[in-house]
Amino acid sequence: GTIEFSPSDFTETSMQDIGYARKLYLMDLAVQPSARRAGVATRLLDSVQELARIHDFRDVYLHVEVGNDSARLLYAKNGFSEILPLDWAIAFTEQRLHKPWENYVLLFKALW
């Protein structure tokens, strides 16, 4: 499996001043089909969150496609909450993904 994360994806976006200054954006979580349902995605999320805590990041955000029910369930089971389509969340989604916000849900988890 693989996962990418970045603390700089909020710079010069509508989320620059939302939440804590030290926050991470997760992206591209992927698990090979033959390894799915074996806890790999959860271990990847746990590893990133532990690194985030060590380096004093407070919030974690990510996007998931509206129709990706298995990913939404995975994130919910791991403590992520869906953010309502508020103006700043809509703007960030379109700034970050360069796609219509209606196709994505922004998720959040506080680490502290």
Problem - Residue within the stretch 80-88 that is assigned to a loop (DSSP other than H, G, I, E, B), open to solvent by less than 40 Å² (accessible area, probe 1.4 Å) and β-branched (Val, Ile, Thr) present - result: yes
Practice task
Using the structure shown, decide if residue 59 is open to solvent by less than 30 Å² (accessible area, probe 1.4 Å), out of contact with any His (no Cβ under 8 Å at 6 or more places or on another chain), charged (D, E, K, R) and closer than 19 Å to residue 110 by Cβ.
Solution key: yes
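Go through 71, 41, 76 for me and flag whichever is farther than 16 Å from residue 106 by Cα and of a type outside the set (D, E, K, R). Before the answer, list the steps.
Numbers: 71 fails: farther than 16 Å from residue 106 by Cα; 76 fails: farther than 16 Å from residue 106 by Cα.
Answer to the selection: 41.
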Handout entry: Residue tally, condition free of Cβ contacts under 8 Å to residues at least 40 places away in the same chain and among the acidic types (Asp, Glu), over the stretch 78-91
Key = 1
Problem - Count of residues meeting criterion [more than 16 Å from the chain's Cα centre (by Cα) and buried (at least 18 other Cβ atoms within 10 Å of the Cβ)] in the stretch 15-28 - result: 0
Problem - Lone qualifier among 75, 61 - being in contact (Cβ under 8 Å) with a residue 40 or more places away in the chain and of a type outside the set (D, E, K, R) - result: 61
Exercise for the section: Would you tally the residues in the stretch 97-112 being out of contact with any Leu (no Cβ under 7 Å at 6 or more places or on another chain) and either open to solvent by less than 60 Å² (accessible area, probe 1.4 Å) or not in a helix (DSSP H, G or I) (or both)? Expected result: 11
Practice task
Please specify each residue of the stretch 51-79 satisfying the condition of being touching a Leu at 6+ places or on another chain (Cβ under 8 Å) and in a strand (DSSP E or B).
Solution key: 59, 60, 61, 62, 63, 64
Completion exercise
Log entry, pairs with first residue in the stretch 92-112 being of a type in the set (Ser, Thr, Tyr), second being part of a helix (DSSP H, G or I) and at pLDDT 95 or above, beta carbons closer than 8 Å, six or more apart or on different chains, reads 93/101; 104/93; 104/97
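Only one residue in 66, 31 is farther than 20 Å from residue 111 by Cβ, crowded, with 17+ Cβ neighbours inside 10 Å and not aromatic (Phe, Trp, Tyr), so which one is that? Walk me through it before giving the result.
Numbers: 66 fails: crowded, with 17+ Cβ neighbours inside 10 Å.
Result: 31 is the single residue among 66, 31 that is farther than 20 Å from residue 111 by Cβ, crowded, with 17+ Cβ neighbours inside 10 Å and not aromatic (Phe, Trp, Tyr).
The values are calculated or read from the model by the stated rules, or taken from the named source; none is laboratory data. In this text, all values refer to a predicted model and were calculated from it rather than measured experimentally. In this analysis, Cβ positions are derived from the backbone assuming ideal geometry, glycine residues included, and neighbour counts consider all displayed protein chains. The accessibility values were calculated without ligands, DNA or RNA, using every heavy atom of the protein model including side chains. Shrake-Rupley method; radii C 1.70, N 1.55, O 1.52, S 1.80 Å.
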